[in-house]
Amino acid sequence: VPSEALGRRVLCGTEYATVRYVGSVPPTAGIWLGVEWDDPQRGKHDGTYEGTQYFKCRRPRGGSFIRPNKANFGVDFLTAVKNRYGLNDEQDAQHGTENTLVFGKKTVEFVGMDSIAEQQRQVQLNQLVDISMCECAVSHAGQKEEISRTCANIRHINLSKNLISSWETVTAIASEVQNLETLNVSGNKMKFPSTSTSVSNVFSKLRVLALNQTGITWTEVLLCAPGWPRLEELYLTSNNIMVLERPDNVLQTLKLLDLSDNQLLDGNQLHLIAHLPRLEQLILRNSGIASIDFPDAGFGCKTKMFPSLKHLAINDNKISQWSSINELDKLPSLRSLQCHNNPFMDTEKNPETLRQLIIAKISQLEVLNKSEIPPAERKGAELDYRKIFGNDWLAAGGNWNPEKNNPSEEFLAAHPRYPLLCLKYGAPEEGELKAQQPLTLKNQLLTLTIKCPDKPEQKPVQKKLPESMTIQRVKGLLYRLLKIPGSELKLSYESSKLEGKEVELDNDLKPLQFYSIENGDCVLVRW
């Protein structure tokens, strides 16, 4: 049993565990290791055996006793590198016969070949820049200065799912890698400093750090953070982080933060990290968030929180109210949003309408759920939003006469962008707000005039088309009329409500209703 075995990480077969007890277990003879398994169902008890508690487990069946010879305590960093990249001494021994040559019946040994092989091995190790040692049972740094002497050019290290028990071990390894830029130690359940430590230059060049599934708390992050002066990306998924604290004078260079799969206490925890000046990407998938708000800004204003945030992922959360989506319009730099699998999305069954509502509510959004938002889609979404909620606007005190226009606070809270959309496109006209008729096929047909402005010999024709008909199918219809291949046709439309303007029908997969085409509009065909 190694010295200081308590708290060490071990591997037993394919199962990972932490040593919680070393000693005898009467009435049996010999030494036993009491271990707490990572898999809470792997064990037989909670550390209590025949009425005596030898150690404690977090789960009732998380513990077992195993003999020391069943436990793999791991290897040092350099041994793992040699094993991983086929450069260890055992493999050299297996190829020892390559140092001899047979002349007739005599075997001649080449003296000095071992030293040549060692030199070649050193050269190969020194050429390594990006090292991946996932699941290689690394547990400690090894002999001092051996790593820096052997692997001088390493910049990127993946040490995920190994047997590292403490941040001190990580620091010992990193201290011998002068140009370390990327470090992944995810899946190592380890002990972190509980008090502030002296700042060193060990991680002075580190830009990317992954600490997923390590058991780190946010307080421990802040205690270690002074040693990460240039850190740009920090991954902290699945660490049971519930409470955040404001980072004072640390993490100021951070551009990406991933807190996914941590059940945060509430949405207000986000206010504590809202003033990281360079944060561009925040990933909060499955983080227990039920609401988002920025109370420092009113309707139509921008918040001072998250000043640089461009990309936000809030998938798989508990957001049930559209008011949280309204709040996102306050973020001054937001360009991309992922929001799948939130309860608010169940309020609208049509996925196309749901997408349009989100687009209309967040003015500067360019990508929604990994799909780009072209200008035509934004325009259609905003025009439809203005129309859909027009009657609510009138009922709440809205008016076509600017002097009488005074919508209620409740309406503005639910639709904070509505006044801006009225300024952009004009207030909705009375004809647009007539009660919609039942959705029969007759009511879904659009009477459209089809013109060929560049071909005066082609007379305009009127056609009744379903508003759900895609542009691609419209082109197929025109091919039968004009005998021109659809690939050569360019379509646009004119409307009396958009006098002097043409709107391109540039997406073959979209239906006519996507472009807000109405009865009496004119489709223009060119080729």
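The values are calculated or read from the model by the stated rules, or taken from the named source; none is laboratory data. Remember, it's a predicted structure, so these values are computed and weren't measured experimentally. Counting neighbours? That spans all protein chains shown, and the Cβs are built from the backbone with ideal geometry, glycine included. Side chains included, ligands, DNA and RNA excluded: accessible areas come from the protein's heavy atoms. Shrake-Rupley method; radii C 1.70, N 1.55, O 1.52, S 1.80 Å.
Brief remarks follow.
- Segment residue 430-residue 371, extension gain: residue separation times 0.36 nm, minus the distance between their alpha carbons: 17.8 nm
- With eigenvalues of the C-alpha gyration tensor scaled by 5 and rooted, the chain, Å: 63, 32, 22
- With kT/(6 pi eta Rh) evaluated at 20 °C and eta = 1.002 mPa s, and Rh the Kirkwood radius from Cα pairs, region 302-448 diffuses with a coefficient of 129 µm²/s according to Stokes-Einstein.
- Rg [Å, one decimal], Dmax [Å, integer] - region 8-70, C-alpha atoms: 10.7, 30
- Radius 9 Å from Cβ of residue 489, net charge of other residues (Lys, Arg +1; Asp, Glu -1): +2
- Spin-label zone in region 313-351 - amide nitrogen under 19 Å from a point set 7 Å from the Cα of residue 278 along the C-beta vector: 333-334
- Binning the C-alpha pair distances of region 169-292 at 10 Å intervals from 0 yields a P(r) profile of 13, 47, 33, 6, 0 %, listed from the shortest bin outward.
- Cα-projected label distance for residue 296 with residue 1, points at 7 Å along beta-carbon direction, nm: 5.5 nm
- When the pairs 349/464; 144/205; 387/463; 310/497; 56/82; 475/497 are compared against a 29 Å limit on Cα-Cα distance, 310/497; 56/82 fall above it.
- The Cα atoms of region 237-313 cover 35, 28, 22 Å along the three principal axes, with the biggest extent listed first.
- FRET efficiency for residue 124 and residue 341, using Cβ-Cβ distance with R0 set to 51 Å, rounded to 0.05: 0.60
- Theoretical ellipticity at 222 nm over the chain - DSSP helices of four or more residues, -39500 (n - 2.57) apiece, nearest 500: -6000 deg cm²/dmol
- Tensor-based shape of region 445-526 (alpha-carbon gyration tensor, a/c under 1.5 rounded, otherwise prolate or oblate): rounded
- DSSP-defined antiparallel bridges as percent of all bridges, the chain, nearest 5: 55 percent
- Note on residue 28: accessible area is roughly 60 Å² with a 1.4 Å probe, heavy atoms of protein only.
- In the chain, the portion of solvent-accessible area held by carbon and sulfur atoms comes to 49 percent [1.4 Å probe, whole percent, DNA, RNA and ligands not counted].
- Reduced Cα scattering model of region 376-432, Debye log10 I(q)/I(0), q = 0.31 Å⁻¹: -1.50
- Solvent-accessible surface of the chain, averaged per residue with a 1.4 angstrom probe and all protein chains in place: 53 square angstrom.
- Counting only Cα atoms, the size of region 201-240 along its three principal axes is 28, 17, 13 Å, in decreasing order.
- Filtered trypsin sites (Lys or Arg not before Pro), region 57-88: DSSP coil and at most 14 other beta carbons within 10 Å: 58
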